[in-house]
Amino acid sequence: MSTAPTEIPKAYDPKLVEEKWYADWLAKGHFTANAASTKPAYSIVQPPPNVTGVLTMGHVLNNSIQDILARRKRMQGYEVLWLPGTDHAGIATQTVVEKALRKQGVMKHRDDLGREKFLENVWEWKEKHGGIINQQLKKLGCSCDWTRERFTMDEAYSRCVLQVFVDLYQKGLIYRGKRMVNWCPVSRTALSDEEVIMRTVAGSLWHIRYPVLDAKGQPHPKDFMVVATTRPETMLGDEAVAVNPSDARYQKLIGKKLLLPLKNKQIPVIADEAVDPKFGTGCVKVTPAHDVADYEMALRHNLPFTVVIGPDGKMTEEAGEPFTGLDRMEAREAVVKELTEDGLLLKTEPYEHNVGYSERTDVPIEPYLSEQWFLKYPQVPHSTETVENGEIKFYPERWTKTYTHWLRGIRDWCISRQLWWGHQIPVWYRGDEIYCGLEAPKGEGWQQDPDVLDTWFSSWLWPFATMGWSLDVARDRPEKSDVLKKFYPTTDLVTGPDIIFFWVARMIMAGYEYMGEKPFGNVYFTGIIRDTIGRKMSKSLGNSPDPLDLIAKYGADGLRFGLMLIAPQGQDILFDEKRCEVGRNFMNKLWNAARFIQMQKANRGSAGASPSQHNAHDLKVQFEMNQAIAAVSQALDEYKFNEAAKELYDFVWGDFCDWYIEASKVSPNIEVLDEVLGNILRLLHPFAPFITEELWAGTGGAGTIQLVPWPTPREIEGMTDKVVSQVNDLYDFVTAGRQLRSDQRIDPKAKVAFIIKAVSNEEFLRSEIAFLKRLLNAEDVKIDHNYEPPPGKPTVVIASEIGGPVSSATSITMDVGDLVVNIDTERQRLAKQLADTEKQLAATDAKLANENFVSKAAPVAVQRERDKQQQLREQREKIQTLLRALQ
RNA sequence: GGGCGCGUAGUUCAGUUGGCUAGAACGCACGGAUCACACCCGUGAGGUCACAGGUUCGAGUCCUGUCGCGCCCACCA
């Protein structure tokens, strides 16, 4: 502590320190993990944000938490790897770039450019806009190992993706098949089930008559079957009408033919168990090519598949005139119109139902029959068990249920996408031949599958493909780098619960399949950031603040701390910019506390040694510091970041600033001030890296605070329970005295006197007169165990905690000298206090009068109640006496 | 239809295995340029713990039910 104190500015200005320190940390390589280190490993892989994304509040939350974990572990002596990176985000990026290119008039559809040219544009876009988010994370203070930054389309990473594909293909887990898939007509690609979000929409249920044909194939004028549908446009592709085989109403009709309206086509009436006779009319139109349930029925009954809606969402030629070429929604109206004109529409009723929407483009999904690649998930039972038995722990735990429920009902994953941006499927065709391998097969005429893989098919390998993993497909033996050996399995994963299926579950399966080990030990699920009225933050709503603006206004530390303070484990966060003010104010408070200490040192110079004896305030603050260290450590161990933040806030602002620094103005102990501040800086560093480093350096700390050991509670010499309760009582007198001043509207500048009636700790109080005088702004403070407050002098009766006999109604009396006391105010105050006391006493009396309580409750509880009763009685008596004197 | 979570001060949240007068922060009211800090200091007001039963000597806390809000899963046309 030899550095000369420098002038510290009055208000903390984050701009002056944040950039400076971040550059310093990078230059010194503090974030770079060393695989050869002998320290224990701690690792965490960052959920890779979309490469073209910009920082959102969600990222701020997520990455602040990861940074807190990483920084604390560094202080605890771990070799930390926090691996950052970005995701190519196939469909998202492609959609964005397509939109931009259309806007620029470069193309109408990507086919205009062709695959190669289009991809050039995407890469260009990626170079230009990619990685912005990482610059933003640096502003936030994130201590990622940027030397190991990865991108899911890096050469090495891509190789891993293809190796895994080939391997799973060889294992027979990947297969190709013509299936009904979720089709997005805007992106013109298949989607996985997880990319479809169900939405309740107010639609209609149209009841349509299908004429029954007689033996000669002629429609009966009055004989109809009535089907109910929410999608009349699909009737153009109907191949049957189905009824339940046990439905008595339609027994006779099974096997007969109907005339499909608008198409004048004969379709059969079939019987199938899938039909619920109680719903609607009990007759279902069957559209094999455009409905999942119908598709399955068609397979059972050998029906043909007529495709009437094309991949672009428009009606095909099969739909027939005048519908061909219409958009599916236009076709719906046109069909309804024609049916109405033909008198075949029986009725239309409003109907609420669920419709699947594309997560990305927000249009209704079309069930679409096409050739796609599918994956039978590996390691499903094992992945379920390990989360269930806690080998992989979820925080909050309840997400395990969601996870296992999904795994138990898991279905094959459609991994092919009809996009260009992504990893092209490593399969080649030549006639009937098919080849799957890392490179194109030798020989002429091979055509590679044009599809790419689902983005998540690359990100599910993230925990190891980023660390130098490689699979020798021929020998089926993974190669492990030193990094992998040191840092896999990773320790913690921090992510949102919205990607528990997309990402977390799949990483677990991939980890077991390819590493033979879990990918991470703990998964912390953050809440979702919402606005003050609970809406999700979104660009379109305009309710999501730009984190960079917030950093500029409140400082990165202020933003981080403010956010952590309101982020309870597992609950959504209602974010209000005001929260950042709390963080910023707290940083400023800390700044000024440090400034105070600096000034103390300057005042005393090197000559003024600290008192060697610790006084009661020193002991008390050290006691509270121990509590804080323990509480913060435990909260962080349990991933309760808001509790840790709250604990720090209360200790710093309350115990340290409000009481200890105030006491220090009477008799400072620089050593203790330094020690407590030092510990505060260490505890706070994971939350607020910049200010703590700045103050650490500014107060003469050695090296970087990042590598200073995490504090632990220590034995305090001279510390007893009695000291703590004595000091608590002392503080109670201060509060009570201030109450009197405030009640009686005594000008803060007016010096008044106080007389304290002590019971058993007179000597201690006498030693604290200077302290009392200062905090009460008093001219004089007297301690007198015989003092009886005279009538009219404002007095607060205090039930003392200080040991000794339970005869302890102490008091503090204010003597205002010549000033006038408002007797009414005083009477009111006493009356209120008396009422409170009596209320409590009544409750206590009732309890003790209850024989059941006395005999059944724990003896400690009973004794406590008795002590309380005694105290309250004395207190009541004192107050009554005072009050009587005022009548 | 199934599953999960949440209802505590104006607001956002704490509230351990049931047991001192249900706490905090922000906001609000009043007072204050006191020599760390007005991004501050001091004092205060504000709650039938969603509702109804039950268990218990004792319930914000445990159990059952009801209502309200949110999320996830599910192919009833």
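The values are calculated or read from the model by the stated rules, or taken from the named source; none is laboratory data. Bear in mind the structure is a predicted one, so any value in this text is a computation, not a measurement. Reconstructed Cβ throughout: ideal geometry from the backbone, glycine too, with neighbour counts over all protein chains shown. To get the accessible areas, we keep the full protein, side chains included, count just its heavy atoms, and leave off ligands, DNA and RNA. Shrake-Rupley method; radii C 1.70, N 1.55, O 1.52, S 1.80 Å.
Working from Cα pairs under 8 Å separated by at least six residues, relative contact order for segment A:44-159 is 44 percent.
Over chain A, what is the relative contact order in whole percent, taking alpha-carbon pairs under 8 Å and six or more residues apart? Relative contact order here is 12 percent.
If you sort the three axes of the alpha carbon gyration tensor as a ≥ b ≥ c, you get a/c of 1.5 or more for segment A:756-795 and a/b no higher than b/c, which makes it oblate. For A:C283, the amide hydrogen comes within under 5 Å of the amide hydrogens of A:A228, counting only partners 5 or more places away or on other chains and with H modelled in the peptide plane. Net charge in the neighbourhood of A:N182 (other residues with Cβ under 11 Å of its Cβ; Lys, Arg +1, Asp, Glu -1) is -4. Rounded to the nearest 0.05, the FRET efficiency derived from the C-beta distance between A:D747 and A:S667 at R0 = 22 Å is 0.20. In order along segment A:542-559, the Karplus-derived 3J(HN,Hα) couplings, from 6.51 cos²θ - 1.76 cosθ + 1.60 at θ = phi - 60°, round to x, 9, 10, x, 7, x, 5, 4, 5, 5, 5, 7, 10, x, 4, 5, x, 4 Hz, and Gly and Pro are given as x.
With all projection directions averaged, the alpha carbon convex hull of segment A:23-167 covers 11.1 nm².
Put simply, the convex hull of the Cα atoms in segment A:347-485 casts, on average, a shadow of 14.9 nm².
Kirkwood hydrodynamic radius of segment A:158-223, from the reciprocal of the average inverse Cα-Cα distance over all distinct pairs: 17.7 Å. A cut-off of 5 Å between modelled amide H atoms, ignoring neighbours fewer than 5 places along the same chain, links A:D815 with A:A753, A:F754, A:I755.
When A:H685, A:H30 are compared by accessible area of protein heavy atoms, the largest-first order is A:H30, A:H685, using a 1.4 Å probe. Calculate the length of the line joining the C-alpha centroid of segment A:179-214 to that of segment A:670-749, in whole Å. Using only Cα atoms, the two centres lie 64 Å from each other. Other residues within the sphere of radius under 15 Å centred on the Cβ of A:L299, judged by their own Cβ, net out at -3 (K and R +1, D and E -1). Per residue, the accessible area of chain A comes to 45 Å² when a 1.4 Å probe rolls over the protein heavy atoms. Dividing the mean sequence gap of close Cα pairs (under 8 Å, 6+ apart) by how many residues segment A:387-541 holds gives a relative contact order of 23 percent. Beyond 23 Å, how much of the Cα-Cα pair distribution for segment A:744-834 remains, as a whole percent? That tail contains 25 percent of the Cα-Cα pairs.
Segment A:A156..A:I499, full-extension length gain: 121.0 nm, with 0.36 nm per residue of separation and the alpha-carbon distance subtracted. Cα centroid separation, segment A:622-636 to segment A:385-400: 28 Å.
Relative protection proxy for A:387-397, A:359-369, A:441-451, from highest mean packing down: A:359-369, A:387-397, A:441-451 (other beta-carbon atoms within 10 angstrom). Using only Cα atoms, locate the centre of segment A:333-358 and the centre of segment A:88-166, then give the distance between them in Å, rounded to an integer. Using only Cα atoms, the two centres lie 42 Å from each other. Per-residue accessible area (protein heavy atoms, 1.4 Å probe) orders A:H207, A:H785 as A:H785, A:H207, starting from the largest. Pairwise Cα distances in chain A exceed 48 Å for 45 percent of all pairs.
Calculate I(q)/I(0) for segment A:608-664 by the Debye formula, one identical point scatterer on each C-alpha and no solvent, and give its log10 at q = 0.19, 0.25, 0.29, 0.31 Å⁻¹ to two decimals. Here the Debye-derived log intensity ratios amount to -0.68, -0.93, -1.09, -1.16.
Under 1.5 on a/c is rounded, so check that first for segment A:207-363, then, if it is not, pick prolate when a/b is larger than b/c and oblate when it is not; a ≥ b ≥ c are the square roots of the alpha carbon gyration tensor eigenvalues. Prolate, since a/c reaches 1.5 and a/b exceeds b/c. FRET efficiency for the pair A:K485 and A:R102, taken as 1/(1 + (r/R0)^6) with r the Cβ-Cβ distance and R0 = 35 Å, rounds to 0.15.
Given their separation in residues at 0.36 nm each and the Cα-Cα distance between them, A:K178 and A:L848 gain 233.3 nm when the chain is fully extended. Determine the shape class of segment A:311-354: with a ≥ b ≥ c the square roots of the Cα gyration tensor eigenvalues, call it rounded for a/c under 1.5, and otherwise prolate if a/b is greater than b/c, oblate otherwise. Verdict is oblate for segment A:311-354.
If the segment from A:Q880 to A:K39 were pulled out straight at 0.36 nm per residue, it would be longer than the present Cα-Cα gap by 296.0 nm.
Backbone phi angles across segment A:582-596, fed through the Karplus curve with coefficients 6.51, -1.76 and 1.60 (θ = phi - 60°), yield HN-Hα couplings of 4, x, 4, 4, 5, 4, 5, 4, 4, 3, 6, 5, 5, 4, 4 Hz in residue order; Gly and Pro are listed as x. Could you sort out which of A:K757/A:K832; A:K117/A:K138; A:K139/A:K536 sit more than 29 Å apart by Cα distance in this structure? With Cα atoms farther than 29 Å apart: A:K117/A:K138. Measuring only protein heavy atoms, the 1.4 Å probe finds A:V708 accessible over about 20 Å². Expressed as a whole percent, the accessible surface of chain A that belongs to carbon and sulfur atoms is 49, based on a 1.4 Å probe.
Once you list every other residue whose beta carbon is under 11 Å from the beta carbon of A:A271, what net charge do they have if Lys and Arg are +1 and Asp and Glu are -1? Spelling it out: positives minus negatives among the neighbours equals -2.
For A:G570, the residues 5 or more places off, or on other chains, whose built amide H falls under 5 Å of its own are A:G527. Over segment A:653-796, the reciprocal of the mean inverse Cα-Cα separation, the Kirkwood hydrodynamic radius, stands at 17.9 Å.
Report, for chain A, the % of DSSP beta bridges that are antiparallel, rounded to 5. Restricted to chain A, the bridges split so that about 70 percent are antiparallel.
With θ taken as phi - 60° and the Karplus curve 6.51 cos²θ - 1.76 cosθ + 1.60 applied, the whole-hertz 3J(HN,Hα) list for segment A:36-45 is 8, 4, 8, 5, x, 8, 10, 9, 7, 9 Hz, x standing for glycine and proline. In summary, the convex hull built on the alpha carbon positions of segment A:680-736 has an orientation-averaged projected area of 6.1 nm².
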